[in-house]
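Below: one structure in structure tokens.
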Amino acid sequence: DTEVTQTPKHLVMGMTNKKSLKCEQHMGHRAMYWYKQKAKKPPELMFVYSYEKLSINESVPSRFSPECPNSSLLNLHLHALQPEDSALYLCASSHLQAPEYNEQFFGPGTRLTVL
Amino acid sequence: GQQVMQIPQYQHVQEGEDFTTYCNSSTTLSNIQWYKQRPGGHPVFLIQLVKSGEVKKQKRLTFQFGEAKKNSSLHITATQTTDVGTYFCAGPDTGFQKLVFGTGTRLLVSP
């Protein structure tokens, strides 16, 4: 299984709502990532989890809260978002092997609209 | 921080024409990866280059890593409509957990 799955595919939420994005992989990868992608822009790293521990937080606002319940699952909890947070949210996973960097497998993404 | 720029930003070609995108990093890279994102899709890994001056081919696609390991290129011979999408190069930053994506080149191929 070389697939990363994400749910939901689309999400519309108000600025006072609380919602969660989910990501799952069964490739045995020990690194998982959240990216935000705006239209016609490259993916922008938000968080990295290594061995289920948060290893990188790219100064993301606290209204985004990541969680890694186990080595296969990654969640992104959303609360009090702003309209400018509307974007495609991509989850990715990879092996952790130095020194060569490892290819990342991306999920199909969740297209989020904040009203 | 590390910056990775790509040119051109956008290219529109007729089917059968060749296409090249260039990637330039502000810092020396230990390796470089290339991804393709189809319209409405997600990035898909194409290849990784590690050695200085390395050249790799995948059918009609040729990837090159510069001698100084600060630049790379992707050349597509005889484009097809299936080549449509945005091509991103990406290089590692501080350790090997963070990948910095280039600005991307959007390719449109007309039949």
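At a Cα cut-off below 17 Å, give the lysines reachable from residue A:40, other chains included and same-chain residues fewer than 8 away excluded.
Straight-line reach from residue A:40, under 17 Å: B:36.
Something else: Go from 0 up to the bin containing the longest alpha carbon distance in chain A, width 10 Å each, and give me the % of pairs per bin.
15, 49, 30, 6, 0
At 0.36 nm per residue, and after removing the present C-alpha to C-alpha distance, how many nm does the segment from residue A:5 to residue A:72 gain when stretched out fully? Mind showing how you got there, number by number?
Numbers: separation 67, 0.36 × 67 = 24.12 nm, distance 1.05 nm.
Working it through step by step, the gained length comes to 23.1 nm.
Distance in nm between label sites at residue B:56 and residue B:26, each 7 Å beyond Cα in the beta-carbon direction?
So the two model labels end up 2.7 nm from each other.
Considering amide H positions built from the backbone, and no H for Pro or chain starts, which residues 5 or more places from residue B:27, or on another chain, come under 5 Å of its amide H?
B:3
Here's a follow-up. Find, among the GluC sites (Glu not before Pro) in the stretch B:1-84, those assigned to loop by DSSP (not H, G, I, E, B) with at most 15 other beta-carbon atoms within 10 angstrom.
Working: sites: B:15, B:17, B:54, B:67; in loops: B:15, B:17, B:54, B:67.
Sites meeting the loop and neighbour criteria: B:15, B:17, B:67.
By what distance, in whole Å, do the Cα atoms of the protein assembly as shown stretch along each of the three principal axes, largest value first?
Each principal axis gives a Cα extent; for the protein assembly as shown these are 50, 40, 35 Å.
Something else about it: Take every residue in peptide A:18-31, count the Cβ atoms of other chains within 10 Å of its Cβ, and give the average of those counts. It would help to have the intermediate numbers written out before the result.
Values: counts 0, 0, 0, 0, 0, 0, 0, 0, 0, 0, 0, 0, 0, 2.
That average works out to 0.
Indicate, rounded to the nearest 5 percent, the antiparallel portion of the DSSP beta bridges found entirely in the stretch B:12-111.
Numbers: 33 of 36 bridges.
Counting DSSP beta bridges with both partners in the stretch B:12-111, the antiparallel share is about 90 percent.
If you check each cysteine of the protein assembly as shown for another cysteine whose beta-carbon is under 4.7 Å away, which ones come up empty?
Cys with no partner Cβ under 4.7 Å: A:68.
With respect to the cross-link table entries A:36/B:69; A:18/A:38; A:19/B:98, which display a Cα-Cα separation exceeding 24 Å? Please list the in-between numbers first.
Values: A:36/B:69 27 Å; A:18/A:38 21 Å; A:19/B:98 26 Å.
Pairs exceeding the cut-off: A:36/B:69; A:19/B:98.
Follow-up question, since we're still on this one. Could you bin all the Cα-Cα distances of the stretch B:9-100 into 5 Å bins starting at 0 and give me the percent of pairs in each, rounded to whole numbers?
Spelled out bin by bin, the stretch B:9-100 gives 3, 13, 24, 25, 19, 11, 4, 1, 0 percent.
To make sure I understand, if each residue's beta carbon is the centre and we count other beta carbons within 10 Å, what order do B:7, B:32 fall in, fewest to most?
Working: B:7 14, B:32 27.
Ordered from fewest to most neighbouring Cβ atoms within 10 Å, B:7, B:32 come out as B:7, B:32.
Continuing with this model, one more query. Taking each residue in A:36-46, count the Cβ atoms of any other chain within 10 Å of its Cβ, then average. What number comes out? Don't jump to the answer; show the numbers that get you there.
Numbers: counts 0, 4, 0, 0, 6, 4, 14, 9, 2, 6, 0.
Mean shielding count: 4.
Evaluate the relative contact order of chain A (contact order divided by residue number), counting alpha-carbon pairs under 8 angstrom at least 6 apart; express in whole percent. Each step should come with its number before you reach the end.
Working: 290 pairs, mean separation 41.9, N = 115.
Relative contact order, chain A: 36 percent.
Can you tell me the Rg and the Dmax, both Å, for the Cα atoms in the stretch B:1-57?
According to the Cα coordinates of the stretch B:1-57, Rg and Dmax are 13.3, 39 Å.
Put a dot 7 Å past each Cα toward the Cβ at residue A:55 and residue B:82; how far apart are the dots in nm?
3.5 nm
Same structure again: Fewest to most neighbouring Cβ within 10 Å: what's the order for B:109, B:50? Walk me through the intermediate numbers first.
On the way: B:109 20, B:50 16.
Starting with the residue having the fewest Cβ neighbours, the order is B:50, B:109.
P(r) for the stretch B:54-111: what percent of alpha-carbon pairs falls in each 5 Å bin, starting at zero?
P(r) for the stretch B:54-111, in whole percents per bin: 4, 16, 21, 24, 19, 10, 5, 1, 0.
Each reported figure results from applying straightforward, stated rules to the coordinates on display, with no laboratory input. Nothing here was measured: the structure is a model prediction, and the numbers come from that model. FYI the Cβ positions are ideal-geometry reconstructions off the backbone, even for glycines, and counts take in every protein chain you see.
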